[in-house]
Amino acid sequence: MSDAARQLPSLLVIEDEVQIRRLLRGYLERNGFNIIEAANGEAGLSSALSYQPQLILLDLRLPDMDGLEVLKRLREWSQAPVIVISVRSREADKIAALNGGANDYLTKPFGTGELLARVRVALRSAKPMNKPELFRSGPLSVDLPTRTVTVQDRTVRLTPTEYSLLLFFVQHAGKVLTHDQILREVWGEEKLDELQTLRVYMWHLRKKLEPNPEKAELLITEPGVGYRLMVRD
């Protein structure tokens, strides 16, 4: 990337169709933007981490993963505005994307003028971007952009559900989270009565993260209420 390009607002286009990427690149570059391209979800997530774009254009139909999964993973660590561009025109798809953290939704085919207007609105209303976060508490480190969990510099492998559970604690580190809050966030509204499931996963998580899971120092039980992730030096 040239020095001149670095001075321009950067937009990441996550889109598998080459023709659409070319169209967007040509039009948006003429209007003063630096364009970064990614042809699938994993490449898009990697580019978002590497380049820290000011805005992301995201297709939902990608060859390696659904765009909603890309959006979910982006929102674990990035507040960059995301405009979904998709052939999916059902109201349910739009609601799912907006609830998942998208700032706007454009249905294909769309006019380039309308897209430019939406991009400018999203950039004006954007919050200042945060750097990718690395959470630390005692021996535990969680690199949110790469989803890497280490304990005393040893990489720990978590299942997707275990990671979702840990992520929720990290996002609310130091706070007491009730059983219902955790079950609703990680398993959904229909699982609020499955307290035993939560207890089993907490035990598995402690076995992987705590020096002595019988005497937890990080994931603390708040009797009768829930759990808390302690923040330690």
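Of the set (1) touching a strand residue (DSSP E or B) at 6+ places or on another chain (Cβ under 7 Å); (2) over 15 Å from Gly138 (Cα atoms), all apply to Gln196 but (1).
Out of curiosity, is Leu123 more than 13 Å from the chain's Cα centre (by Cα) and either surrounded by fewer than 21 Cβ atoms within 10 Å (Cβ to Cβ) or among the aliphatic types (A, V, I, L, M) (or both)? Yes; evaluated as a whole, the condition is true for this residue.
Answer yes if at least one residue in segment 82-92 is within 28 Å of Asp143 (Cα to Cα) and either of a type in the set (Ser, Thr, Tyr) or touching a residue at least 40 places away in the same chain (Cβ under 8 Å) (or both), and no otherwise. Among the residues of segment 82-92, not one is within 28 Å of Asp143 (Cα to Cα) and either of a type in the set (Ser, Thr, Tyr) or touching a residue at least 40 places away in the same chain (Cβ under 8 Å) (or both), which makes the answer no. When Leu195, Leu205 are checked against the criterion of being touching a helix residue (DSSP H, G or I) at 6+ places or on another chain (Cβ under 6 Å), at pLDDT 90 or above and surrounded by 15 or more Cβ atoms within 10 Å (Cβ to Cβ), Leu205 stands alone in meeting it.
Is it true that Val225 is hydrophobic (A, V, I, L, M, F, W, C), surrounded by 15 or more Cβ atoms within 10 Å (Cβ to Cβ) and touching a strand residue (DSSP E or B) at 6+ places or on another chain (Cβ under 7 Å)? No: the conditions fail for Val225.
The values are calculated or read from the model by the stated rules, or taken from the named source; none is laboratory data. If you're wondering where the values come from, they're calculated on a predicted model, not measured in any experiment. Cβ: placed from backbone, ideal geometry, glycine included. Neighbour counts: every protein chain shown.
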